[in-house]
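Report on one structure; see the data block that follows.
The values are calculated or read from the model by the stated rules, or taken from the named source; none is laboratory data. Predicted model, so just to flag it, every value in this text is computed and none were measured. Cβ sites come from the backbone with ideal geometry, for glycine too, and all protein chains shown count toward neighbours. Heavy atoms of the whole protein, side chains included, go into the accessibility calculation; ligands, DNA and RNA do not. Shrake-Rupley method; radii C 1.70, N 1.55, O 1.52, S 1.80 Å.
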Amino acid sequence: MANDSLSTEVWHRRILNGYWIIVGFMLVFQVLFLLGADHLDIKNTVHLDKAHLFIACNTLIILCMVAAELRLRSNNPYPKQVVVTSGFIVSYLMYFVIEPFVDGAQMTLMMPIMVSLVYFDRKLLYTLGLISVIFYAGVYFGLERIILHKPLLEFLLVECVFIVFVLMTLAVIIRAREVRDHLEQVSKSEQGLMVERAISDKLLKIDALTGLYNHKTFHEYLDLLLEQCESNGLRLQLAILDIDNFKSVNDTYGHWVGDLVLKQVAAKLGGMVGLNDFAARYGGEEFAVIFTDKSLMEAYATVDELRACFERMEHPYAGGKPVTVSIGLCNYDAGLGKELLFRNSDGALYKAKKGGKNRVEIAQPHQVKENKRMLV
């Protein structure tokens with residue numbers, strides 16, 4: 001709303017500036033015309049006994065413009081009415097000034113109608129068109145026919161020009177609104193496509209059951225982080241979590257209960273990892289977490305807290321028995337590589353399972369070296 005108000009205020013100022021420019025040109029041309037009147041083939045000349053009328057009209061034009069400028073600068077609550085009214089008065093005064101010298105001076109009377117085109121205001125167009133037709137009829141029958149003896153045909157032609165000009169302006173306004181509505185529809189369609197694309201991208205990256213990132217996205221993200229580890233020395237640890245005895249949960253209570261357990265574990269996991277960490281469902285009952293900007297001991301403290309939280313969770317739909325997890329954790333050292341990182345984490349997980357489950361094991365340096373030697 002504030003931007004629309006500012007834009008409208010700018011247009012008020014631009015229209016009034018346009019009138020100032022037109023008035024300035026008219027005054028300059030009058031001076032040049034009078035200076036060169038003896039050398040020009042003109043329609044009429046200004047008699048000295050009527051010069052005061054031209055001076056009065058020009059003075060009224062300047063006063064009208066100054067009054068409109070002051071009203072517009074004083075934060076008038078009706079700026080459009082000020083601009084339109086001043087433009088209407090100035091256009092008729094200009095007509096009185098230049099009519100003795102220029103054929104077709106009635107075209108200056110079309111300026112107020114053009115203002116409605118700037119505002120794209122159909123109601124204003126109707127109002128100004130009707131007022132122009134009526135007002136010019138009064139000017140013709142009260143002044144031009146009596147004093148200037150203008151023929152009736154000229155009056156009818158000018159009135160027809162008013163009507164045609166209004167109709168043409170109306171057509172432009174209607175077409176402009178159609179184009180605007182079309183652009184708005186196109187913009188909304190593009191926004192809808194962007195939302196659909198964003199949703200599709202999210203669905204491609206998210207595991208449908210747990211709401212965590214899926215296996216593919218996990219590997220894409222890990223590859224990028226490993227590049228940072230090698231080039232910038234980023235600290236990174238990989239933890240692999242596996243739910244203990246999950247097969248017995250499915251066999252005893254059904255797969256739907258197993259899905260509930262997975263959802264609850266995933267929700268707790270996603271809520272406890274840090275903003276710089278990355279949690280994903282790796283597959284089945286196995287989850288993976290990438291820790292960044294942590295030391296090995298900080299990552300260990302986090303996963304051990306996770307393990308304790310999972311142990312304390314209640315699962316009434318699974319007979320009230322606790323569901324525990326075993327976790328294998330490995331620290332990444334420069335040059336280790338992705339395959340060894342996973343092999344070491346899996347080895348630590350296997351050790352946690354073999355050691356009684358519900359525990360966290362860290363891949364030891366000698367195990368890392370042995371796995372590296374076996375890989376070579």
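Points to keep in mind about this one:
- Matching entry among 298, 305, 314, 286 (being without any contact (Cβ under 8 Å) to a residue 60 or more places away in the chain, among the charged types (D, E, K, R) and over 25 Å from residue 364 (Cβ atoms)): 314
- Among (1) open to solvent by less than 40 Å² (accessible area, probe 1.4 Å); (2) touching a helix residue (DSSP H, G or I) at 6+ places or on another chain (Cβ under 6 Å), the one test that residue 292 misses: (2)
- Test: residue in the stretch 129-140 that is open to solvent by 40 Å² or more (accessible area, probe 1.4 Å) and of a type in the set (Gly, Ala, Ser): yes
- Scanning the stretch 89-113 for residues being open to solvent by less than 40 Å² (accessible area, probe 1.4 Å) and touching a Cys at 6+ places or on another chain (Cβ under 9 Å) gives a total of 4.
For (1) closer than 30 Å to residue 54 by Cβ; (2) at pLDDT below 85, each residue gets a yes or a no:
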site: 106; (1), (2): yes, yes
site: 152; (1), (2): yes, no
site: 185; (1), (2): no, no
site: 211; (1), (2): no, no
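- For the stretch 178-193, the criterion of being among the hydroxyl-bearing types (Ser, Thr, Tyr), open to solvent by 90 Å² or more (accessible area, probe 1.4 Å) and in a helix (DSSP H, G or I) is satisfied by no residue at all.
- Residues in the stretch 314-344 that are under 21 Å from residue 288 (Cβ atoms) and basic (Lys, Arg) were compared, and the one that is surrounded by the fewest Cβ atoms within 10 Å (Cβ to Cβ) is 338.
- Failed condition for residue 234, given (1) more than 21 Å from residue 266 (Cα to Cα); (2) in a helix (DSSP H, G or I); (3) touching a helix residue (DSSP H, G or I) at 6+ places or on another chain (Cβ under 7 Å); (4) not hydroxyl-bearing (Ser, Thr, Tyr): (2)
- Scan the stretch 316-326 for residues that are in contact with a Leu (Cβ under 8 Å, 6 or more places away or on another chain) and not aliphatic (A, V, I, L, M) and the total you get is 2.
- Each residue in the stretch 9-54 was checked for being modelled with pLDDT under 70 and hydroxyl-bearing (Ser, Thr, Tyr), and 1 of them qualify.
- Screening the candidates 86, 74 for the property of being among the polar types (S, T, N, Q) and crowded, with 16+ Cβ neighbours inside 10 Å yields one hit, 86.
- Reported count of residues in the stretch 224-273, each being over 20 Å from residue 352 (Cβ atoms), open to solvent by less than 60 Å² (accessible area, probe 1.4 Å) and either of a type in the set (Phe, Trp, Tyr) or touching a Pro at 6+ places or on another chain (Cβ under 7 Å) (or both), is 0.
- Tallying residues that are part of a helix (DSSP H, G or I) and free of Cβ contacts under 8 Å to residues at least 60 places away in the same chain within the stretch 208-231 yields 7.
- The number of residues in the stretch 272-306 being closer than 12 Å to residue 241 by Cβ, touching a Leu at 6+ places or on another chain (Cβ under 8 Å) and not β-branched (Val, Ile, Thr) comes to 9.
- The stretch 351-376, residues that are in a helix (DSSP H, G or I), at pLDDT 90 or above and out of contact with any strand residue (DSSP E or B) (no Cβ under 7 Å at 6 or more places or on another chain): 354
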